[in-house]
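Readers should treat all values here as calculations from the given coordinates under stated rules, not as data from a laboratory. What you see is a predicted model, and the numbers here were worked out from it, not measured in a lab. Ideal geometry is used to build each Cβ from the backbone, glycine not excepted, and the neighbour counts take in all protein chains shown.
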Amino acid sequence: MGRTGTTRRRALLATGAAAAAMVTGCSGDAAGERPPGRPAADPARAERALRRRLAARSQALLDEYDAVIARHPGLAARLTPLRTDVAAHVAALTDRKPAPAVPVSPSAAVPVTPSPVSPSPSGSRSVVAGGPAPDDPAAALTALAAAERRTSDEHTAALADAEPELAQLLASVAAAGAAHAYLLTKGDAR
């Protein structure tokens, strides 16, 4: 006697078909559907603009790492590998060599003021926007973790607007940022 009703296989097929319909049906910018008088978007130009915006956000994060390392030299060993990753992200987004680490002197109690950072499109500002890193090392790590999460979220949000190759890069950078945020806050709940 055969089974009637919904089976797991049928449910999966229906879900897959619905997802495929959504993906193919969401494109409203087909040549025949473009409003009259609206020029076709230049994908290369849009990608360059997206890369510039995301590279600037990653550069702001790199500046924050430099400020925290300069303010708290005792954190340099913990932060330098993460900072190196962020420098590589900036380089990948801009097609240039990664920036070298900022040397840390034992007398780094003098605050380092990196270049001012503008607000992100979401309106949040950087921890070091024109000023030094927080005085307390734990607060500096917390602020850096929050900056990593904001940057990761921004890269994730940009996936929808990115061409496939850039989308792969952004997904990797966003995942690394989420991992960095975790590593920065791991062990704080003692």
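Computed packing ranks the peptides 51-62, 80-91 as 51-62, 80-91, most packed first, by mean other Cβ atoms within 10 Å.
The simple spin-label model puts a point 7 Å past each Cα toward its Cβ; for Ala91 and Leu183 those points are separated by 1.6 nm. Fully extending the segment from Ala160 to Arg52 would add 37.3 nm, taking 0.36 nm per residue of separation and subtracting the current Cα-Cα distance. Label separation (Arg78 vs Ala167): 3.7 nm, computed from points 7 Å beyond Cα along the C-beta direction.
Based on the mean of other Cβ atoms within 10 Å per residue, sort peptides 146-152, 72-78 so the most packed one is first. Mind dumping the intermediate values first?
Working: 146-152: 22.7, 72-78: 15.3.
Packing order, densest peptide first, comes out as 146-152, 72-78.
With a sphere of radius 10 Å drawn around the Cβ of Ile69, what net charge do the other residues whose Cβ falls strictly inside it have (Lys, Arg +1; Asp, Glu -1)? Net local charge, Ile69 excluded: +1.
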